[in-house]
Structure formats: structure tokens, C-alpha cells
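Here the structure comes first, spelled out in C-alpha cells, and everything after it is commentary.
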Amino acid sequence: MRWLTGWSGPAADPALAAVRPIAGTLLWGGPDPLWAVGDWRPDELRLAVLRPGAPAAVRGGLDPRDPADRTDRDTPATLRLAVAGRCGATDRELADGLAAARGGALRHLTHWPGSYTVVLRTGTRSTVLLTDLAGVQPVFHTPFAGGTAYATAALPLADLVGAPLDAGHLAARLATPETPEALGDRTPFRGVRRVPPGHALGIRGGRAHHTAHPDESVEAPAEAPAVRELTRALLEAVRCRVRATTPGDRSRLGVDLSYGTASATVALLAAAVPLPAGAQPGAALERPAARTGAVRGSWARGADGRPEPETLPAVTLGEADGLALAVHAPRLRHVVVPPVLPYAGLADPLAGPLTDEPGPALLCAARHTTLHRAGGADHLTGHGARQVLDGHPARLADLLRSGRPLHLLAPIAALAGADRSTSGTLTGALHTPVTVLRAARRLARTRHADALDDLALRLMLRPEPGGPGTMGRATAAELTWHRPGPAAHLLADEPLAALAQHLRTAARDGTPAEPPGARRARLALHRHAAHYRTLVHATEQHGQRLHAPFLDNQVVRAARLLPDDVRLQPGARAALLAAVLAGAGRTDLPADWGRAAGSDPHGPARDGLRAAAPALAELLDRPLLGEAGLIDAPAVRKTLAAATDPAQDAPPATLAALAELIAVELWLRRLAARRPGSAWTGLPAPRRTALET
């Protein structure tokens with residue numbers, strides 16, 4: 001795990017002089033220091049400093065030159081900037097962004113390509129940290145020594161202050177994972193707070209406050225300009241990763257081909273980017289074409305016209321259906337990895353890594369590690385495309401609220417056509433349109449306070465999630481302000497009652513400004529980004545990096561320009577990605593690219609559950625979740641026994657419920673086995689353990 005940490009207080013505390021993260025690199029010192037801890041590459045840490053009367057100086061964060069630049073000899077007019085992660089900005093752009101920040105304009109610092117964290121120190125007593133829009137690069141903070149400590153990971157801060165486990169937060173994660181009114185800004189550790197995605201953490205005089213990034217919403221343009229902007233943003237996101245690869249070492253770069261059209265699109269775009277001769281990591285590179293024009297790739301030849309000898313391993317878990325065309329790109333070399341089932345390697349629950357937070361990715365760590373090892377030191381994935389590009393079904397209600405009922409006709413007709421082909425004419429022609437339209441109208445008229453009261457009631461009734469149904473029924477079920485999580489019915493009565501009471505109280509706090517569809521889509525993106533971050537922590541090897549270009553700020557912003565009625569139709573994501581590839585020069589895709597029916601996506605989870613049934617039964621025999629009073633342990637064991645029965649196939653909702661519960665239980669076991677305070681040196685004793693409640 002890589003993380004940044006620092007603190008800011010009202011005055012220099014001599015007791016803090018001995019406190020420092022183990023194996024940390026000091027990026028700047030003084031009373032408000034900043035440290036980098038973990039496996040950072042030299043080009044992933046870049047610092048800029050702007051002093052009065054001098055031009056901005058930019059250098060690598062691990063560069064040992066000019067050690068005086070890291071001391072506390074700053075004046076109130078000195079500005080310091082740290083950019084950590086994969087950032088495609090040139091040194092000149094970093095300097096210009098720092099100069100603009102002097103006047104208070106911080107939005108420029110979030111518009112560079114890539115995925116990164118920004119830390120800005122103004123003078124000697126004020127610090128600002130900027131999160132990304134999706135939530136892949138979070139920031140956490142907690143009171144410390146009369147001021148505020150911050151970090152890009154929650155676990156080190158819990159170590160720093162001895163924060164006990166927050167059982168109420170774990171209950172909310174399981175029961176209402178996409179309801180901010182229940183989760184708030186809490187983390188699994190009591191007193192450690194998370195800055196919401198798209199917000200900035202400001203610390204002045206040791207006191208912390210959150211502010212949202214400036215609202216950049218604009219009226220959605222026509223489809224064609226929006227697709228061109230998406231093409232530019234996505235190719236730029238891929239390009240800043242590919243061009244960071246050292247010439248002659250192209251084998252460091254790998255791509256996924258196991259996750260459908262999104263990963264295939266990233267693979268094809270990566271194969272289209274020529275590596276400039278003599279380019280080095282962190283060097284100033286030529287930026288892509290203008291924002292409004294199509295961006296062309298070089299699919300078979302380098303910038304000098306000669307064939308590129310390097311190849312990119314395009315990795316699949318088994319033979320990937322429908323992606324044969326992608327591996328025909330000249331620079332892609334298809335690598336087939338024998339598939340590994342989910343839940344593999346859980347015979348020893350303590351053998352895996354301890355991630356910052358729990359997540360279902362813990363159950364697939366062995367599966368993904370096998371995939372990533374066959375790729376490259378920089379491995380590009382298609383994670384996040386569904387949440388960024390697809391129109392959330394609840395957006396149908398937004399169309400009604402905004403006075404555009406005619407825009408519902410095309411999405412509902414497409415849903416009806418899909419159900420007609422699978423469930424019959426009566427369902428497609430009558431049941432699906434009526435069901436979806438009624439649900440959209442109901443959501444458009446429902447007050448947010450009433451929706452919270454309804455969620456509280458549903459939690460107390462403990463309804464089990466329904467089985468598989470038609471696309472129309474699935475869409476109608478999503479047409480609501482809030483939904484209980486798949487594992488909610490397996491929680492104990494006491495945490496459910498506490499959550500219900502909290503929701504009824506929160507219903508009095510007013511209605512959010514966002515319409516329900518836009519809000520549901522944003523929260524689904526945040527949840528997926530958190531799961532992806534857990535995947536990164538669980539599977540990255542030393543020196544390896546996983547990349548999700550779809551979760552970059554620029555790509556998220558570009559996707560927001562797409563008209564809702566275009567994204568709401570079934571198959572819209574494949575059509576959008578085909579248009580992106582056409583805009584980037586790949587015009588030979590077949591008309592049905594990405595629309596072929598694949599294998600059952602839940603089959604590996606069912607097979608993995610059955611194969612790991614003995615280990616899982618032992619894990620849940622005396623679960624820590626049960627000892628904490630969070631779950632109904634007999635009901636969980638009964639659900640596991642039914643799901644692992646070879647005579648029946650567990651429904652997707654049951655698979656999701658067990659995945660959430662087992663992941664949290666696994667994370668708790670590893671947390672309990674960890675030695676508290678192991679990330680810091682110089683901490684005073686005595687200390688509480690991380691699992692005290």
C-alpha cells in the first residue's frame with residue numbers, strides 16, 4: 001500500500017518531533033510536514049514550490065537534490081504543491097497550476113490527465129488536499145495533538161491515534177451501502193473521517209473543513225460533440241500511462257481482456273499510442289489533439305513510420321468470448337491464463353494482505369493476482385466503465401422531473417424489445433412498459449424524506465432480495481431513492497433498529513439538491529471506486545501498478561456530457577465505446593461488436609462458493625461479526641448451506657449478500673491479527689488496540 005500522510009496544528013508541538021511513519025520519505029518539513037510511505041516510483045511523486053520573486057521550481061519528490069527545499073524555511077507567501085500518482089501534466093502545467101492556486105483557483109489542479117492526489121500548502125499554517133471525482137484517490141483525517149492529521153489511507157490514521165473499530169459503520173456498509181444519510185463521512189475506524197469524493201479538505205490552524213469542488217455542470221451538448229470529448233479524454237488517460245513506460249521496456253505494459261468491451265477498448269487504445277523516441281518517465285510530452293477534434297491513433301507503426309517491435313500482453317482468464325477481434329491489433333499479444341475461481345486461497349484467512357477497508361475484492365484476490373502477474377508492471381483495466389458510461393435506471397425519473405417525458409419512449413421501447421425476445425410478447429409489449437413507467441412516475445413524485453422513512457421500514461421488515469427477473473423488473477426495482485443492500489436481511493435486529501432510527505432522524509434534514517437518478521448514479525460510482533481501490537490494495541505486487549482510465553477525472557467529466565436518453569438504452573455502452581474507437585481511428589469493428597451474449601457472469605462465484613464451502617463454513621462457525629452482534633449467524637450459515645448446494649443455483653442477490661458478509665469477516669480477522677501501531681515510530685504508550693469498541 002502507498003500513502004501520503006501529514007498533520008497540521010495550531011502550533012509546533014515538540015512531542016511530534018519523534019513521531020513519523022516507518023520507512024517514510026519526507027516531502028517537506030516544518031511544523032506541517034508531509035510524508036510519502038510505501039512503494040512509490042520516482043515519477044509518481046512530483047513537487048513544486050513557488051517563492052516570492054522566483055519562478056516555480058518543479059522536481060521529483062524522491063529527488064535528493066536541494067535538501068534545503070525540504071526544510072521549514074518557508075515564508076507565509078510560499079506555496080508548495082505535491083502531486084502523487086499517475087499525472088499526465090507537464091512541469092510547465094504544474095507550475096502554472098501552482099501560480100493559479102495562489103489566487104485561490106484550485107479547479108485547475110484536478111483537470112490534468114491521470115489519477116492522482118494533490119496536496120497544496122499555502123504559507124506555513126494552511127493545507128488543502130483535493131480528492132478525485134470517483135473516489136479512487138480518497139483523503140482521510142482525524143484529530144491529532146490539538147490539530148488534524150491526514151492521510152490517503154484510513155488504517156495508518158487509526159494506528160496513529162489508536163482509533164477503535166466503528167461497528168455501526170460496518171452495519172451501515174452491509175445494510176445501506178449507497179445511502180450517505182446512514183454512512184456519512186465515517187470509516188471503519190471511530191473518529192477517522194473520509195473526505196467525500198469531489199471535495200477538498202482544508203486545514204487552517206489545525207481545524208479541518210470540507211468544501212465541494214466548484215460546480216462545473218453544463219447543459220449536455222448533442223451526442224456527437226459529447227462522444228468526441230469522451231474520445232479525447234479517454235485516449236489522453238490511456239496515453240499518459242503508456243508514455244510513462246521506458247523505451248525498450250514496453251513489456252512493462254499489460255492490458256486486461258477479460259472484462260468485456262471496456263477492457264477491450266482500453267487495450268486497443270493502448271496499442272494505438274506510439275511511444276516517443278527517447279521519452280523518459282516524467283518527461284514533458286506532447287499533449288493530444290484539440291479538445292473538440294477527433295483523436296487519431298497509430299495502430300501498427302511508430303512515429304517514424306517503422307513497425308513497432310514491442311508487444312503488449314493482453315491477458316484473459318480463459319478464452320474471452322467476443323474479444324477475438326481485439327487481439328488482432330498488431331501490438332497485442334494474447335496471453336491466456338488458466339482461470340482461478342473466486343474464494344480460492346481462503347483455507348488460511350490470515351494469509352492475504354490487510355487492505356485499508358473491506359470489500360468483495362478480497363474474495364477474488366487470488367483470481368486477479370494471477371491475471372495481473374501475466375500482464376505487466378503497468379496493467380491497464382476497464383474497471384469503472386459501467387458506472388461512468390451507463391445511464392442509471394433511476395435517471396428515467398429525472399427525465400420526467402425535468403419535463404422531458406418523450407425521452408422515455410426510446411429507453412422503455414428498448415427494454416420492452418429485450419424482454420420480448422426473452423420472456424414473450426405479453427411481457428415485452430405490456431408488462432415491462434407499464435411497470436417501468438409506473439416506477440418512474442412514482443420516483444419522480446416521491447419526497448426524499450418519505451424515501452428515507454420507507455427505507456427504515458424495509459430494514460425492519462427484513463425482506464429477502466428477489467430472484468432473477470426480466471430487465472423491466474430489474475429496472476423498476478432501481479427506480480427508488482434508496483435500496484437496502486443485499487446483505488441487509490442477514491443482519492441482527494439491534495443494528496437494523498439503530499439504522500432505522502438514524503434514517504428517520506435524517507429524514508428531517510431536508511432534500512438533496514440533486515435529482516434522484518443523478519444522485520444514485522454518483523453514489524454507485526463512488527461505491528465501485530471504493531471496491532476497485534480494495535482490489536488494488538489486495539492484488540498489486542511490489543513495483544506493479546493497476547490503472548483504471550475510466551475512473552480518471554477527465555473521463556468522468558466527459559461522460560457527464562452524454563445525453564441521458566442515449567445512455568439509458570440497453571447496449572448503449574458498447575455503442576459508445578465503438579464510437580470512441582471509431583473516433584480514435586479504429587473503424588473496422590463489426591456492427592454487433594460487444595453485443596454478443598456471453599457466459600453466465602455469476603457462474604464462477606457459484607462454483608467458487610461450492611469449492612470453498614468447507615473453509616467458508618469454518619470461517620462462519622464463530623464469526624467476529626456475530627460476536628460483535630452485527631449479524632444473525634444462524635441465518636448466515638443457513639444461507640451459505642443453501643448457496644453451496646450443488647442441486648440448485650443460488651440467485652445473484654444471495655451471491656452478493658454472502659460476498660459482502662464474508663469479505664467483512666475476512667477483513668476483521670486480518671485486522672485483529674495485526675499489531676497496532678505498526679505503521680509509526682515515536683508514538684507514546686500506552687495505546688489501545690485497533691479492535692477496541
Completion exercise
Between residue 453 and residue 350, the FRET efficiency computed from the C-beta separation at R0 = 35 Å comes out, to the nearest 0.05, as 0.25
Problem - the stretch 104-162 - percent relative contact order, Cα under 8 Å, separation 6 or more - result: 20
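Got the relative contact order for the chain handy, in percent, Cα pairs under 8 Å and 6 or more residues apart?
Value for the chain: 18 percent.
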Problem - For the stretch 552-643, projected area of the alpha-carbon convex hull averaged over all directions, nm² - result: 10.6
Completion exercise
Residue-ordered couplings for the stretch 89-105, obtained by feeding phi - 60° into the Karplus form 6.51 cos²θ - 1.76 cosθ + 1.60 and rounding to whole Hz (Gly and Pro as x), are 6, 7, 4, 5, 5, 4, 5, 5, x, 5, 5, 5, 5, 4, x, x, 8
Problem - From phi via Karplus (6.51, -1.76, 1.60), per-residue ³J(HN,Hα) for the stretch 46-52 in Hz, x at Gly/Pro - result: 10, 10, 9, 10, 10, 10, x
Fill in the blank from the handout: At 37 °C in a medium of viscosity 0.692 mPa s, the stretch 417-463 has a Stokes-Einstein diffusion coefficient, with Rh taken as the Kirkwood radius over alpha carbon pairs, in µm² per second, of 259
Completion exercise
The correct ranking of 480, 432 by accessible area at 1.4 Å, largest first, is 480, 432
Fill in the blank from the handout: Interchain or sequence-distant (5+) residues whose placed amide H lies within less than 5 Å of the amide H of residue 132 are 137, 198
Completion exercise
The base-10 log of I(q)/I(0) that the Debye equation returns for the stretch 28-176 at q = 0.14 Å⁻¹, one scatterer per C-alpha, is -0.73
Fill in the blank from the handout: Checking rank on 534-541, 424-431, with mean other Cβ inside 10 Å and highest first, the result is 534-541, 424-431
Handout entry: √(5λ) per eigenvalue of the Cα gyration tensor, the chain, largest first, Å
Key = 37, 33, 26
Practice task
Using only Cα atoms, locate the centre of the stretch 354-374 and the centre of the stretch 561-592, then give the distance between them in Å, rounded to an integer.
Solution key: 30
Handout entry: Amide H contacts under 5 Å for residue 253, placed H, 5+ residues apart
Key = 377, 378
Completion exercise
Between the residues 492, 244, 202, the Cα farthest towards the positive end of the dipole of the chain, that dipole coming from +1 and -1 charges on the beta-carbon of Lys, Arg, Asp and Glu, is from 202
Fill in the blank from the handout: Given 554-562, 452-460, 582-590, the highest-first ranking by average Cβ count within 10 Å works out to 554-562, 452-460, 582-590
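Keeping all protein chains in place, calculate the accessible area per residue for the stretch 609-652 (probe 1.4 angstrom), answer in Å².
51
I'd like the carbon and sulfur percentage of the solvent accessible area for the chain, probe radius 1.4 Å, heavy atoms only, ligands and nucleic acids excluded.
Values: 15310 of 28080 Å².
Carbon plus sulfur share of accessible area: 55 percent.
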Completion exercise
Of 223-236, 28-41, ordering from highest average Cβ density within 10 Å down gives 223-236, 28-41
Exercise for the section: For the stretch 416-428, just list the computed ³J(HN,Hα) in residue order, Karplus coefficients 6.51, -1.76 and 1.60, θ = phi - 60°, integers in Hz, with x standing in for Gly and Pro. Expected result: 4, x, 5, 6, 4, 6, 10, 10, x, 5, 4, 5, x
Exercise for the section: From zero up to wherever the largest Cα-Cα distance of the stretch 388-530 sits, split into 10 Å bins and tell me the percent of pairs in each. Expected result: 11, 35, 36, 15, 2
Exercise for the section: Mind giving me the nanometre distance, one decimal, between the label points for residue 25 and residue 582, set 7 Å out from Cα along Cα→Cβ? Expected result: 4.5
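The values are calculated or read from the model by the stated rules, or taken from the named source; none is laboratory data. Just so you know, these numbers come straight off a predicted model, no measurement behind them. Cβ: placed from backbone, ideal geometry, glycine included. Neighbour counts: every protein chain shown. For accessibility, only protein heavy atoms count, side chains too; no ligands or nucleic acids. Shrake-Rupley method; radii C 1.70, N 1.55, O 1.52, S 1.80 Å.
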